[in-house]
Structure formats: C-alpha cells, structure tokens
1. For the range 275-420, take every pair of Cα atoms, bin their distances at 10 Å starting from 0, and report each bin as a whole percent.
2. Considering the range 12-90, what Rg and Dmax in Å follow from its alpha-carbon atoms?
3. Convex hull volume of the Cα atoms in the range 230-273, per residue, in Å³?
4. Per residue of the range 310-322, what does 6.51 cos²θ - 1.76 cosθ + 1.60 with θ = phi - 60° give for ³J(HN,Hα)? Whole Hz please, x for Gly and Pro, Karplus curve as stated.
5. Based on the Cβ-Cβ distance of residue 391 and residue 56, what FRET efficiency does E = 1/(1 + (r/R0)^6) give at R0 = 41 Å, to the nearest 0.05?
6. Determine the gain in length on full extension of the stretch residue 41-residue 270; use 0.36 nm per residue of separation and subtract their C-alpha separation, reporting nm with one decimal.
7. Compute from the Cα atoms of the chain the Rg and the Dmax, the latter being the longest Cα-Cα distance, and quote both in angstrom.
8. Using a 7 Å offset from the Cα along the Cα-to-Cβ direction at both residue 156 and residue 244, what is the distance between the two label points in nm, to one decimal?
Amino acid sequence: MSDRIKFIHGKLEVPLNPVVPFIEGDGTGPDIWRASVRIFNAALEKAFAGTRKIEWMEVLAGEKAYKTTGSWLPDETLSAFREYMVGIKGPLTTPVGEGMRSLNVALRQELDLYACYRPVRYFTGVPSPVKKPEMVNMHIFRENTEDIYAGIEYMNGNPDTEKLISFLIDKMNVRKIRFPKTSSIGIKPVSVEGTERLVRQAIRFAIEKKLPSVTLVHKGNIMKFTEGAFMKWGYALAEREFADQVFTWQQYRRIAGEMGEKIADDLLSNAMKDGKVIIKDVIADAFLQQILLRPADYSVIATLNLNGDYISDALAAIVGGVGIAPGANINFDTGHAVFEATHGTAPKYAGLDKVNPGSLVLSGALMFEYLGWSEVAELIYTALGQTILKKKVTYDFHRLMDDATLLKTSEFADEIIRNM
Ligand code: NAP
C-alpha cells in the first residue's frame, strides 16, 4: 500500500511505499529522468528486496504542462508537492528577459523551500580543470527565497518604474541612479528571519556531520545593509543559539581587540581542538579565488541567493561540471523538499540520449538520504563512482578523458545498475 510522507514534531515519517511526485522536465529532462528512475528502482530493490519501494507519480510543469493544460505550473503540481512532502524534478525552461517567471524560482517560493543545499564532492577519475579537485569537499547552503531573486523587478519605461524612481529621488533623496530616465530597477530584500533560518540549518548540518567550519559568504563591503547584515545576523545567531558548539571569527576579532591576538589565537586553537565549528566569513569575490587556491579551508558554506548561484556553478566546474552536480531545495521547518538536477534543459541535446544523468541521479541519492534511506544512496554513490573509475562515461566526460568508453545516457544508467 502506498502512502504519504508526513512531517510530525519536526521529523519526517516515511512509510514503506511512499508516493513521490516527479517532474521529468523540459529539453533533456525526459532523457535523464528515464535513466535516473531505473537507477533509483534498481538501488531500492537491491537495498530492500521489495520491502520498500517508491510509487513515482508524474506531475506536470514546463512545456509538457503548458501543452496539456495551458498552464506552465498547474495548481495540481504545487498541491502534489505540498501534499506528498518530498518530490524530485528535472530541469525546466525559463525564457530569458520575457514576462514569465522562472518555474524553478516559483516552485521554491510557493513551497517556501528556503534552503538550497548543494554538496560538492569529487568522484575519482572525473576530468577536472584543476590539479587537485579532491581537495574540494563543500556543502553549500544557499538562501533560496530572498535577495535579488525575489523577482521584484521593474522594466524601464513602465509607469510603475517611473513612479518608483520618482519616489526614490523625490522622497528618499536618492542621488545615485545614474540614468534615471532609462533605468530598470531590481529590489533586493534580505531579512533577519530569512538569514537566520538558513544559517541555522548550515550550522546544524556542520555540527551533525562533525564538519570543521561554516563560512558566511557575502558582499557586505559594498552592500552593507543586505549582504553585510546577512553576515552580522549570521554571526549573532551562531553566538546566541549555538554558544557551546561554535567559535566565531567575530568573537576572535572582539577578543583580539580587547585582550590581544595571542589570547584570541589560543582560544581559537582550543575551540578547534574541542571540535567546535568555526564560523567565519569571506567576501564573495575573494571566495571565488579561494575555492581555486585553498579549497581545503572551506567546508560548509552559507550564502545569499545570487552568490550561491555563482558559487555552486564554479564549484561544480571544479569537480567535473554541471553534469554531476546535485541539488535540493528544502524547508526544514515544514519538511517540504524538492530535489533537482542543477543544470538547465540543454535543449540542443534533447531526445538524443546523450547527456549525463549524474546530476539527477545524485539528487535522487540526496533524496534517499533525506528520507533516511541511506543504504540506497550509498549504493548509488558507489556504483556511479565505479562506473566513472572504469572510464565508462557520457560525452561530457568522454571529451576530456583519454581511453574512455563513450556511453549514451541510457547505457550509462545500465552500467551504474550493473555496478551496484
Ligand atoms: P544548460 O541547459 O545547463 O546547458 C548549458 C551547457 O551545460 C550545455 O550546453 C552542456 O554543455 C552542459 N550541460 C547541461 N546539462 C548537461 C548534462 N546533463 N550533461 C552534460 N552536460 C550538460 O544551460 P542553458 O543553456 O543556459 O539553459 C537552457 C535552459 O535551461 C534555459 O531555459 C534555462 O532557463 C533553463 N535552466 C533551468 C534550470 C533548472 O531547471 N533548474 C537551471 C538552469 C537553467 P556543452 O554545450 O559544453 O555540452
């Protein structure tokens, strides 16, 4: 009997045969979904011999939804994700610069999936543009509902935009809009609650997994009251809610100022010895250098929406590209979660059975971990790792590897299943 996943007293309750809604996605979405779901079912069977299964339930979004229902994101789809708690999706098309909002962003906002979690790890053998990709082992927590991504944008020339610009100039005395007559305007909300709930989860994750640090990545030197405040509120939360479990750079700076650097250094090294999580901060542009120069210094990352987008792709490139970069969008307070391939629809390859399904496959593995079915996730990680080690890969890795065997999407899935 299939059943719903529930969230009771802050914990997921997962029945033996939960219904999980899925969106196959646009472009190459169907290619990678077909491959991924075979891998998921094979791993489930291997781990549980039929005692636990997922009942996959297709829900529509994107082009397929539009063709069938006239809506890009039908209400039934949102209701299904709301009702069944945990879902998974392929990539969806978003036309650039047109009126339509990103379906991905809409989904995240409708379900208030405030944390975008992206682990970045290296699988041995994956071709990488850097010398030591194995030094990268990071967990990105990207704020998912605020920032410039909130979608509060006004196109130049619109009466509303003119009203807003006049308000800023006449009532707020703003003198910094260089070309007021032709400017478009975007608004960047960053709140205390939005910051705290994200940073809280990043710190909890570091404590639970015994990881050494959480780094707040921001551009607070320029955007002081949004990005700078993110850092300030993040530190304040860490010191207030996790006083016994963390040591922050803010504390370090305070102590160094009041009592001297030597004492601050001693306290910092004691905190590290005691296994406390070190909370630090880095400015976003410097961080993009640091991940290339000193990746081993970073573990859990907590950052704002736009920074998180750039950072995820840059890190994904270091460990092998978007073809194997998984992602999850989670509301840790309601339990709702949507796992997704982090790349786009790659429309030029649609229907060719060519692209790497790894991103969706690994997102599925994350989903199994979230459900508490870690044995399924482990099977997937190991089998995917084995397949790459044997140099049996899709075109994206094949073009960068010597003596590798080129596989189609479906053949890559076959090989992963064989390696379980
Ligand atoms: P994209 O679809 O991610 O494709 C960019 C390039 O990334 C591809 O040309 C390909 O590189 C590589 N790539 C993507 N998926 C791959 C896979 N599975 N395996 C191997 N390589 C892969 O980005 P885009 O062209 O900018 O966007 C296309 C559409 O997707 C847009 O409508 C965009 O809005 C949407 N999008 C959706 C999501 C989402 O649903 N989460 C995210 C991003 C973009 P090569 O050309 O080098 O082979």
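The values are calculated or read from the model by the stated rules, or taken from the named source; none is laboratory data. Please read all numbers here as calculations on a predicted model, not as lab measurements. Virtual Cβ from ideal backbone geometry, glycine too; neighbours counted across all protein chains shown. Surface accessibility is based on the protein's heavy atoms, side chains included, excluding ligands, DNA and RNA. Shrake-Rupley method; radii C 1.70, N 1.55, O 1.52, S 1.80 Å.
1. 10, 33, 36, 18, 3
2. 13.6, 41
3. 65 Å³
4. Each residue's phi maps through the Karplus curve to give 5, 5, 4, 5, 5, 5, 4, 4, 5, 9, x, x, 5 Hz.
5. Computed FRET efficiency for residue 391 and residue 56: 0.85.
6. 77.7 nm
7. Rg then Dmax for the chain, in Å: 22.6, 70.
8. Simple spin-label model gives 5.8 nm for this pair.
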